[in-house]
Amino acid sequence: MANLYGALCTYRRSADLVEMLDRLDDQTRPLDHLVIIDNDADDHIIDLVTNHRITDRITVDVVGAPDNPGPAGAFAIAQQQLADVAEPDDLFITFDDDDPPTTNTLLENLSAFAEAELTDETVAGVGLRGGVLNERTGVISPRPQHPQRHDGPSSEEADHLHGGWFPCYRFGALRDVSGFDEELFWGFEELDVGRRLKAHGYSLRVATDLYRTVAPTRTPKSWFAPLAEPSWRHFYRHRNLIRILRRDHAWGGLSLTIGLRLVLKPLVEAIRTPRLALWHLRTNLDAIRDGLRRHPEPKHPRHLPT
């Protein structure tokens, strides 16, 4: 059986971190090794983890990252931390501190699914949720595609796995594509990894049956939904999507994303909410400029809330 290595990113949410550690410690299939990346490099987090009961059961390392590299940078650090101990067929699973397992058998069930799927050497990883990027439109179709249909397939192929839904990768496959891109900081880091794995001939699988047992019913998002309230996440999400579309030469998706979603939509919404629409337009233009560069600008643009 392959070892199961975990990478957990946390940032100034000690209560969430404690709940996550509690849930991980309750799993019927424990992790073999957990690397916690504290993006605030707070000594309090080291004490919290050291005194948690999970350390009696598994190996836990805490790595402080004082410059806050975001989830993308944290997962890259964790992969480097494990590079000398992980074998190519070992599994590398990523966690966010605010998305704990919803059942105590989740890792056991996900590991069993992974063991079955990864007998195919072209499969690089599995997870509970993922998606397929349409290069012509820039729109991501979710997988499972119809999670409420119990007569559907038990698993589905995706070109990337979604963060927060326990993406689990074969360690050797991550090495082949150089792992997570720390320059992305936050947003679509899993899309970036998945697309690079696909370009190297790998595939990814979503555990549709398992997803149905743990996921709530969700209302699909609409392109015509009102503009979201200002958030630093908005910039990174669109900056990173543009960067990925440009790198993959998805010119149709790049054009529609910029023209319709990032420029036209806030202009139309300016009739109803002019101040909010102006914030979106300014932020979108910054995301477009930075996404089209070969290397992104520093992580915290001055006009964004920090």
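The values are calculated or read from the model by the stated rules, or taken from the named source; none is laboratory data. Predicted, not measured: the structure shown is a model, and the values here were computed from it. All Cβ positions, glycine included, derive from the backbone under ideal geometry; neighbour counts span all protein chains shown.
Couple of notes before you dig in:
- Single residue of GLY127, GLY138, GLY152, GLY163 found to be in contact with a Cys (Cβ under 9 Å, 6 or more places away or on another chain) and not assigned by TED's automatic domain parsing to the domain that holds LEU262: GLY127
- Test: residue in the range 176-186 that is under 25 Å from ALA65 (Cβ atoms), among the β-branched types (Val, Ile, Thr) and touching a Phe, Trp or Tyr at 6+ places or on another chain (Cβ under 7 Å): no
- Which numbered condition ALA116 fails, given (1) assigned to a helix (DSSP H, G or I); (2) within 20 Å of PHE180 (Cβ to Cβ); (3) among the small types (Gly, Ala, Ser); (4) more than 20 Å from the chain's Cα centre (by Cα): (2)
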